[in-house]
Each structure stands twice: as C-alpha cells, then as structure tokens.
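Each remark here refers to the structure printed beneath this line.
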Amino acid sequence: MASRSEVHPIAGAADVVKVRQVARSWALELKLSLVDQTKLVTAASELARNTLDHGHGGTMRVEQVENGLRRGIKLTFEDKGPGIPDIAMALRDGYTTSGGLGLGLSGSRRLVNEFDIKSEVGRGTIVAITRWK
Amino acid sequence: MISFHEVVKKNEGAILSAWIEEMVKGVRRADLMTDTELKQQARELLGLFAKAAESSSEAESEAFLQTREFLREIAKSRMDQGFTPTETARFVLSLKQPIFHALRDALKGNPSDLVNEVWASGNLLDRLALFTVDSAVEFRDQVIGRQQEEMLELSTPVVKLWDGVLALPLIGTLDSARTQVVMESLLSAIVETNSQIAIIDITGVPTVDTLVAQHLIKTITAARLMGADCFLSGIRPAIAQTIVHLGIDLVDVQTKAKLSDAFAMALSRMGKVVVARKPAAGMALGSKAKDN
C-alpha cells in the first residue's frame, strides 16, 4: 500500500528533466541498484515525453508501494489528451506517429516489472509502471 | 485633515531612527551588510518616499519614479549580496510600523482619519515592497537566462585529440535545443579540421532514452555522410543494459566502453601505434640530475 506519494506536473520540456530527477531521487532513497535506477529513470523519461508530446501535458504521480516484504516505486502518468486508438499497435516495436524510433512505449515496458496502460480515445491515457526492489 | 505625507515629513528624523532600530532588531543581516550602509539606504529611501508622497499616493505614478529607481538599485545590490527576495521586501515593509506609530500620535483624536491614512500609507508601502520583489526576481531571472546561454555554449566543446581525430565529450541532458548545437558544432569541426574520425563520448550523459539515442544516431549518420567515421564511447554498464531493454539498435555504430579505448581504436584505424620509449642511458641520467 502506498505509504506516501507526490504529484508532479508535466507541461514543458523542463518538466521531463524534473521527472527524471524525481524518479532518480526516489529510486536512490529505496536503494535500488544502479541498473534498476537507470531503468526506472529511463522509462520515466520516455513516458513523461509521451505525456508531453502525445497527451499535450499531464501529471506524474510517484509513490512507494509495498507488496508483502517487497517494496517498489510506482509511477503513474496521466494525461487528458487524444488517447490511443489501438494500444496493441502502439506497444509494437518501431511503431511511431511522431517520427521517433517507436521504442518509447514498448521499450519502457521492458524496463520495468509492471506495466499497465489504459486509454480512451478523446479522454486521455493513463500509464502506470512499477519497479520492484 | 492631516495627510500621512505631512506626518512623515514632520517626523522624518524620528521615523528614520525607529525604522533603523526595527531593522537592526529583526530584518537586517549583519553577515551580509554593514550598519552604515543600511542607515544610508534607509535615510535616502525615506527622503525620496517623503518627497514623492507629497504629490501622489500611487506607487506607479511619475512622482515615485525616483523611489522606484532607488528600490531597483537596492533590489539588485541585495540580490548580489545574497539576500532572499523576502528579506529585501521586508526592508520596505518594516517602514510601516514607525509610520503607523507616528500617524497614531498625530491623529489621536480622529480615528476615522487615522484609519484612512494608515490604509493609504500601508497600501503604498505594500506596492513599493511588491515592486522591490519584482525587481529582485527580475534580476534573478536575468542571471538564470544568462547561465542557460552559457551552459548551451559551454557544454558542447569539440576537441581535437590527434590530427584527424575529434572528440565530443557530451555532458548533461540532451534536450533538442542542445542536440542541434552539438550536431552543428561537430559537423562543422569535421569540415574545418578535415578529420576522418569523430568520437562522441557520453560518459557525462545521465540518461540515454530513445530520444537521446535517436539524436545520437542522426548525428553519427550525418558525420558518416560527410566521410567521417563516428565512434560512440563512455557507455556505462547500466546504460548498456537500458539500451538493450529499450530495443535501440546500435549495431551499426562503433562503440567502446571508454574514451581511451575509442581513441586507441581511432589511432590503429589510422595506422598509428603507440609504443613505450626505451629509455636511453643519457636521458635517464639527465632526468636524475634534474630530480636532485
């Protein structure tokens, strides 16, 4: 259960930097290994940029979660953007609508332990990721 | 009816000393500025304030132009000295109490006038304090803007390691504005120095996500189009694992863990070999003599 949480706005490129810093400091606090820190921070960076570029901005909630003895960090990215019509397609490697590499969403799924995406066309998108220690 | 500016004018000396006393008690930072400096600033500000208040009670009016200019100067010097904006504003706000006390004494028999004048003078001082804070924040913004520009320039030096070998040590976040600068400076340096090999070192880049990777791949492809080989170095273990999980394809890019490895590869690519020099008898003696 979440012991504490914070919400950060994602409204500009500078906020993506901020999101990375927040993710890194929470990962450090939980004493994740350097590799796990880097994975979480990179996934946060990808998803924050998606929230900004595709969702026209939104928020990131960061919280520490517990499951029995295991502890982890959960990041939830939420936007009120156009939504994703075909999630399966969006999760495919190399699929892009913005001229990028098309690996942001699919890649960040591989960087974390739990990945949950909900999207409704015209309503917005919520992506939640968790990295366990 | 007595107006607050008359009261201030009449009691200027008393207000000044009460104000300074007030500041010495609470607001002043003895570590940051001297008593004499503070007294001088207080005297000058009160003089300007009293004079301007004679003709207007609007902080934005022409009459207060000099006062505003002076507050701007103060805000700037306070920021340079290391005061916070709050401390800077309190310099102005702490003038309220002595003025209110003087008003109380002067308008003892007339509570309704007293309230009016307290309100008018308080309002005026509030606005002047806000103006001071605005100026202070403006100066800080200027400093931040300047630093951002400096960082943009500083963070992308292209260095020549050898004839025909360039290195680009990247540091910090690669957002799109900076990547553009990086790309341009590397490509123009390749032309200027007629280099065949460029090494991009990402030891100082904390996060390599798909956007950063894409920028790097584009830069490397552009360099290759210009006839230069591009090596990527400084890939830390954590970054390497992340790149693999993200699925970024760097197979076409020559990569090395360390800048020194990439440099060694560049030298061997150019047919150069680094050999340890055999110490000649004479030289060894010579250096020994120098040590003594």
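The values are calculated or read from the model by the stated rules, or taken from the named source; none is laboratory data. Values in this document were obtained by computation on a predicted structure and should not be read as measured data. Don't worry about glycine lacking a Cβ; one is built from the backbone with ideal geometry, like all the others, and counts go over all protein chains shown.
Taking interchain pairs and intrachain pairs at least six residues apart, which have beta carbon atoms under 6 angstrom, with the first residue in the stretch B:124-140 and touching a residue at least 40 places away in the same chain (Cβ under 8 Å) and assigned by TED's automatic domain parsing to the domain that holds residue B:68 and the second outside any helix (DSSP H, G or I) and crowded, with 17+ Cβ neighbours inside 10 Å?
B:124/B:57; B:124/B:59; B:127/B:59; B:128/B:59
What single numbered condition from (1) more than 17 Å from residue B:32 (Cβ to Cβ); (2) under 29 Å from the mean Cα position of the chain (by Cα); (3) exposed (fewer than 14 other Cβ atoms within 10 Å of the Cβ) fails to hold for residue B:119?
(2)
Check the stretch B:123-132 and report whether any residue there is among the β-branched types (Val, Ile, Thr), assigned to a helix (DSSP H, G or I) and farther than 22 Å from residue B:62 by Cβ. I'd like the intermediate steps shown before the answer.
Residues of the stretch B:123-132 that are among the β-branched types (Val, Ile, Thr), as a first pass: B:132.
After this cut, where a residue has to be assigned to a helix (DSSP H, G or I) as well, the list is B:132.
Next, from what is left, pick out any that are farther than 22 Å from residue B:62 by Cβ: none.
Among the residues of the stretch B:123-132, not one is among the β-branched types (Val, Ile, Thr), assigned to a helix (DSSP H, G or I) and farther than 22 Å from residue B:62 by Cβ, which makes the answer no.
Looking at residue B:87, is it in a helix (DSSP H, G or I), more than 28 Å from the chain's Cα centre (by Cα) and in the same structural domain as residue B:117 (by TED's automatic domain parsing)?
Details: in a helix (DSSP H, G or I): yes; more than 28 Å from the chain's Cα centre (by Cα): no; in the same structural domain as residue B:117 (by TED's automatic domain parsing): yes.
Against the criterion (in a helix (DSSP H, G or I), more than 28 Å from the chain's Cα centre (by Cα) and in the same structural domain as residue B:117 (by TED's automatic domain parsing)), residue B:87 does not qualify.
Kindly indicate which of B:257, B:276 is loosely packed, with under 15 Cβ neighbours inside 10 Å, hydrophobic (A, V, I, L, M, F, W, C), within 27 Å of residue A:43 (Cβ to Cβ) and away from chain A (no Cβ under 14 Å). Break it down stepwise before answering.
Values: B:276 fails: within 27 Å of residue A:43 (Cβ to Cβ).
After ruling out the rest, the residue left standing is B:257.
Tell me whether the stretch B:31-39 contains one or more residues that are crowded, with 18+ Cβ neighbours inside 10 Å and either modelled with pLDDT of 85 or more or out of contact with any Gly (no Cβ under 9 Å at 6 or more places or on another chain) (or both).
Taking the stretch B:31-39 as the starting set, the residues that turn out to be crowded, with 18+ Cβ neighbours inside 10 Å are B:38.
Still in the list and also either modelled with pLDDT of 85 or more or out of contact with any Gly (no Cβ under 9 Å at 6 or more places or on another chain) (or both): B:38.
Taking every residue of the stretch B:31-39 in turn, at least one turns out to be crowded, with 18+ Cβ neighbours inside 10 Å and either modelled with pLDDT of 85 or more or out of contact with any Gly (no Cβ under 9 Å at 6 or more places or on another chain) (or both).
In a loop (DSSP other than H, G, I, E, B), surrounded by 14 or more Cβ atoms within 10 Å (Cβ to Cβ), assigned by TED's automatic domain parsing to the domain that holds residue B:123 and not aromatic (Phe, Trp, Tyr): is that true of residue B:77 in this structure? Show your work before the answer.
On the way: in a loop (DSSP other than H, G, I, E, B): no; surrounded by 14 or more Cβ atoms within 10 Å (Cβ to Cβ): yes; assigned by TED's automatic domain parsing to the domain that holds residue B:123: yes; not aromatic (Phe, Trp, Tyr): yes.
The answer is no for residue B:77.
How do the helices (runs of 4 or more DSSP H) wholly within the stretch A:1-120 filter down when requiring 2 or more residues that are touching a His at 6+ places or on another chain (Cβ under 8 Å): which remain? I'd like the intermediate steps shown before the answer.
Numbers: elements: A:13-29, A:34-53, A:87-90, A:104-111.
Filter on the stretch A:1-120 gives A:13-29, A:104-111.
Would you point out which residue out of B:175, B:163 is surrounded by fewer than 20 Cβ atoms within 10 Å (Cβ to Cβ), more than 25 Å from residue A:104 (Cβ to Cβ), charged (D, E, K, R) and in the same structural domain as residue B:259 (by TED's automatic domain parsing)?
On the way: B:175 fails: more than 25 Å from residue A:104 (Cβ to Cβ).
Being surrounded by fewer than 20 Cβ atoms within 10 Å (Cβ to Cβ), more than 25 Å from residue A:104 (Cβ to Cβ), charged (D, E, K, R) and in the same structural domain as residue B:259 (by TED's automatic domain parsing) holds for just one of B:175, B:163, which is B:163.
Got a sec? Which of B:188, B:135 is of a type in the set (Ser, Thr, Tyr), farther than 15 Å from residue B:231 by Cβ, more than 25 Å from the chain's Cα centre (by Cα) and more than 14 Å from chain A (Cβ to nearest Cβ)?
Working: B:135 fails: more than 25 Å from the chain's Cα centre (by Cα).
Every option except B:188 fails the conditions.
Conditions tested, residue by residue: (1) farther than 18 Å from residue A:15 by Cα; (2) at pLDDT 95 or above; (3) surrounded by 19 or more Cβ atoms within 10 Å (Cβ to Cβ).
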residue: A:46; (1), (2), (3): no, no, yes
residue: A:50; (1), (2), (3): no, no, yes
residue: A:57; (1), (2), (3): no, no, no
residue: A:60; (1), (2), (3): no, yes, yes
residue: A:84; (1), (2), (3): yes, no, yes
residue: A:89; (1), (2), (3): yes, no, no
residue: A:106; (1), (2), (3): yes, no, yes
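Considering only the stretch B:151-245, give the strands (runs of 3 or more DSSP E) lying wholly within it that have at least 2 residues that are in contact (Cβ under 8 Å) with a residue 12 or more places away in the chain and over 30 Å from residue A:40 (Cα atoms). Talk me through it step by step, then tell me what you get.
On the way: elements: B:159-162, B:165-171, B:197-204, B:229-233.
Result: B:159-162, B:165-171, B:197-204.
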